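Novice: Starting off with a structure, shown below.
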Amino acid sequence: MPPERLPRRPAVARAQRVLQSRREEAKRRAAAAPAPAPVRVPSPLAGARSAPVIELVDVHKTYAVGDIAVHALRGVSLRIERGEYVAIVGASGSGKTTLMNILGCLDMPTTGTYHLNGIDVRGLDEDTLADIRNRHIGFVFQSFNLIPRTRALQNVELPLSYAGVHRAARHDRALAALHQVGLGPRIHHMPSELSGGQQQRVAIARALVTNPAMILADEPTGALDTVSSAEVLAIFGRLSAQGRTVILITHEQDVAAHARRVIRISDGTILSDEVTDSAERVG
């Protein structure tokens, strides 16, 4: 015969009843309490729509090379409004690459201020700067910087993946960006299966996909032939016509001629800043 069940001890039963009563009371209080207001964390670029995209005031950049101080930028002041198409032109060693790194939040001024969409970027931590680079600056480099064993579509999706965008939305936005640069038929090709011009189109689509405040292109035609260069510059012209802010960093005068504004830099200072209506510009 099965053994008889022992009677539950009174102390244990009382403790269980007390715990159950407390749990029910906690549930009633939680249900009756008002829902907490959502915490809103403002974007570092929120509310800055009326500000210029770029504003540099008396920016200096000095590097220490052993005991020698190298002055890469010497008091650069610059303002670029939303929708401008600007070329920054200079020879090797002129300071244009240092200026590009500061504009792209890849480096900070030694002295002076840099406001991006009204925000002083010097006061931001590295995580916030990384978020700004991903969401608000579209980079295009001479060497394309595509992931070799990743198809064109997935290369363009990458910034959205870092930003936590849902997979379906990533796909749709990347597809739209690739069609915008005229690369729809080859979206599933690897970079090695694309020409240099096509790879640069993928890079431009990747720069566009986050809808950034500006496109920052460093020598974007430096690795391309004449025909591909003209096609890439025509894309920048169309983007500018759509109201995008485009900044080209180049040492080539014929590339700079496509922009509506040309800034010439030498020895870390701005020599000239001119608006141009050159007939060479490709739209």
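Per-residue answers, yes or no, for (1) in contact (Cβ under 8 Å) with a residue 24 or more places away in the chain; (2) of a type in the set (S, T, N, Q):
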{"position": "ASP67", "(1), (2)": "no, no"}
{"position": "LEU73", "(1), (2)": "yes, no"}
{"position": "SER77", "(1), (2)": "yes, yes"}
{"position": "GLU81", "(1), (2)": "yes, no"}
{"position": "GLU84", "(1), (2)": "yes, no"}
{"position": "ILE88", "(1), (2)": "yes, no"}
{"position": "GLY95", "(1), (2)": "yes, no"}
{"position": "THR98", "(1), (2)": "yes, yes"}
{"position": "ILE102", "(1), (2)": "yes, no"}
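Novice: Taking SER192 and the conditions (1) closer than 13 Å to VAL86 by Cα; (2) touching a Pro at 6+ places or on another chain (Cβ under 9 Å), which numbered condition does it fall short on, given that it satisfies the others?
Specialist: Going through the list (1) closer than 13 Å to VAL86 by Cα; (2) touching a Pro at 6+ places or on another chain (Cβ under 9 Å), SER192 breaks only (1).
Novice: Considering each of ARG167, ARG133, ARG173, ARG149 in turn, give the residue that is exposed (fewer than 14 other Cβ atoms within 10 Å of the Cβ), basic (Lys, Arg) and touching a residue at least 24 places away in the same chain (Cβ under 8 Å). Give the steps one after another, and end with the answer.
Specialist: Working: ARG167 fails: touching a residue at least 24 places away in the same chain (Cβ under 8 Å); ARG133 fails: exposed (fewer than 14 other Cβ atoms within 10 Å of the Cβ); ARG173 fails: exposed (fewer than 14 other Cβ atoms within 10 Å of the Cβ).
Among ARG167, ARG133, ARG173, ARG149, only ARG149 is exposed (fewer than 14 other Cβ atoms within 10 Å of the Cβ), basic (Lys, Arg) and touching a residue at least 24 places away in the same chain (Cβ under 8 Å).
Novice: Right, here's the next one. Can you tell me which condition GLN154 does not meet? The list is (1) in contact with an Asp or Glu (Cβ under 8 Å, 6 or more places away or on another chain); (2) surrounded by fewer than 20 Cβ atoms within 10 Å (Cβ to Cβ); (3) at pLDDT 95 or above, and all the others hold.
Specialist: (1)
Novice: Sticking with this one: Suppose we filter ALA207, ALA256, ALA203, ALA217 for residues that are buried (at least 22 other Cβ atoms within 10 Å of the Cβ) and touching a Leu at 6+ places or on another chain (Cβ under 6 Å); which single one remains?
Specialist: Every option except ALA217 fails the conditions.
Novice: While we're looking at this one, here's another question. Among the residues in segment 216-229, are any part of a strand (DSSP E or B), at pLDDT 95 or above and of a type in the set (Ser, Thr, Tyr)? First the steps, then the outcome.
Specialist: First, the residues of segment 216-229 that are part of a strand (DSSP E or B): 216-218.
Subset that is at pLDDT 95 or above: 216-218.
Checking which are of a type in the set (Ser, Thr, Tyr) leaves us with none.
Taking every residue of segment 216-229 in turn, none turns out to be part of a strand (DSSP E or B), at pLDDT 95 or above and of a type in the set (Ser, Thr, Tyr).
Novice: Would you mind finding the one in LEU271, LEU239 that is open to solvent by 10 Å² or more (accessible area, probe 1.4 Å), at negative phi and without any contact (Cβ under 8 Å) to a residue 60 or more places away in the chain?
Specialist: Criteria check complete, one pass: LEU271.
Novice: Inspect all residues belonging to segment 242-249 and state whether any of them is buried (at least 21 other Cβ atoms within 10 Å of the Cβ), over 23 Å from PRO52 (Cβ atoms) and of a type in the set (A, V, I, L, M).
Specialist: Within segment 242-249, none of the residues are buried (at least 21 other Cβ atoms within 10 Å of the Cβ), over 23 Å from PRO52 (Cβ atoms) and of a type in the set (A, V, I, L, M).
Per-residue answers, yes or no, for (1) at pLDDT 95 or above; (2) part of a helix (DSSP H, G or I); (3) polar (S, T, N, Q):
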position: SER192; (1), (2), (3): yes, yes, yes
position: THR210; (1), (2), (3): no, no, yes
position: VAL232; (1), (2), (3): yes, yes, no
position: LEU248; (1), (2), (3): yes, no, no
position: ALA259; (1), (2), (3): yes, no, no
position: LEU271; (1), (2), (3): yes, no, no
position: SER278; (1), (2), (3): no, no, yes
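Novice: Moving to a separate point now. Restricting to segment 98-110, what's the tally of residues that are among the hydroxyl-bearing types (Ser, Thr, Tyr) and either surrounded by fewer than 19 Cβ atoms within 10 Å (Cβ to Cβ) or over 27 Å from THR276 (Cα atoms) (or both)?
Specialist: Count: 1.
Novice: Same structure again: Count, please, the residues in segment 111-130 that happen to be more than 21 Å from ARG244 (Cα to Cα), in contact with a strand residue (DSSP E or B) (Cβ under 9 Å, 6 or more places away or on another chain) and either open to solvent by less than 70 Å² (accessible area, probe 1.4 Å) or β-branched (Val, Ile, Thr) (or both).
Specialist: 5
Novice: Answer yes if at least one residue in segment 130-139 is among the β-branched types (Val, Ile, Thr), closer than 15 Å to PRO212 by Cβ and part of a loop (DSSP other than H, G, I, E, B), and no otherwise.
Specialist: Within segment 130-139 (the criterion being among the β-branched types (Val, Ile, Thr), closer than 15 Å to PRO212 by Cβ and part of a loop (DSSP other than H, G, I, E, B)), the answer is no, since none of the residues qualifies.
The values are calculated or read from the model by the stated rules, or taken from the named source; none is laboratory data. The structure presented is a predicted model; accordingly, all values stated were derived computationally and were not measured. Glycine also receives a Cβ, built like all others from the backbone with ideal geometry; neighbour counts cover every protein chain displayed. Remember, those area values only see protein heavy atoms, side chains included, never the ligands or the DNA or RNA. Shrake-Rupley method; radii C 1.70, N 1.55, O 1.52, S 1.80 Å.
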